[in-house]
Amino acid sequence: MLELPPITHPRVSEFINQERTKLFELIDAFGAALHIVFPEMVEKNIERYRLVFNEKSIDGTIRYAMKANKSEAALEAVAKQGIGVDASSLYELRQALSHGIIGHDIGISGPMKDPRLLLLAI
């Protein structure tokens, strides 16, 4: 069988190597996989998107999909970078607003929206 090794960011590899014992302790304690977020990497990815938009003269909007990652740390990085978010639930909209992301920078997507979400979005 063909093996495809993971492509791992050097920061992630360093973290795993330095904290391997602690990571396994946390996995045992929670009884589940861990989701570890590096906010500085979120910020760097936003910067890379902006660079491509500028280089290619793209007039576009960068929005962070909250559904894909509900990390408070990632959302803080998004707010710090001044980009918008895509919220698909009342919880996500409230979370975005509570992190200082303003209304016109928040998109609402997806089917079957709760009337309370739509009212707050308006």
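The values are calculated or read from the model by the stated rules, or taken from the named source; none is laboratory data. Bear in mind the structure is a predicted one, so any value in this text is a computation, not a measurement. Every residue, glycine among them, receives a Cβ derived from its backbone with ideal geometry; neighbour counts consider all protein chains shown. What goes into the accessible areas is simple: the full protein's heavy atoms, side chains included, and nothing from ligands, DNA or RNA. Shrake-Rupley method; radii C 1.70, N 1.55, O 1.52, S 1.80 Å.
Residue check: is residue 97 loosely packed, with under 11 Cβ neighbours inside 10 Å, outside any loop (DSSP other than H, G, I, E, B) and either at pLDDT 95 or above or of a type in the set (D, E, K, R) (or both)? So residue 97 does not fit the description; no.
Residue count for segment 75-94 under the criterion of being in a loop (DSSP other than H, G, I, E, B) and of a type in the set (Val, Ile, Thr): the result is 1.
Residue 54 is checked against (1) in contact with a helix residue (DSSP H, G or I) (Cβ under 8 Å, 6 or more places away or on another chain); (2) more than 26 Å from residue 120 (Cβ to Cβ); (3) not in a loop (DSSP other than H, G, I, E, B) and fails just one. What number does that condition carry? Condition (1) is where residue 54 drops out. The residues on offer are 44, 22, 56, and the sole one that is without any contact (Cβ under 8 Å) to a residue 12 or more places away in the chain, under 15 Å from residue 77 (Cβ atoms) and not polar (S, T, N, Q) is 44.
Scanning segment 16-43 for residues that are open to solvent by 100 Å² or more (accessible area, probe 1.4 Å) and within 27 Å of residue 95 (Cβ to Cβ) gives 30, 35. One residue stands out in segment 67-83 among those that are farther than 14 Å from residue 45 by Cα and in contact with a Phe, Trp or Tyr (Cβ under 9 Å, 6 or more places away or on another chain): the one that is modelled with the lowest pLDDT, namely 70.
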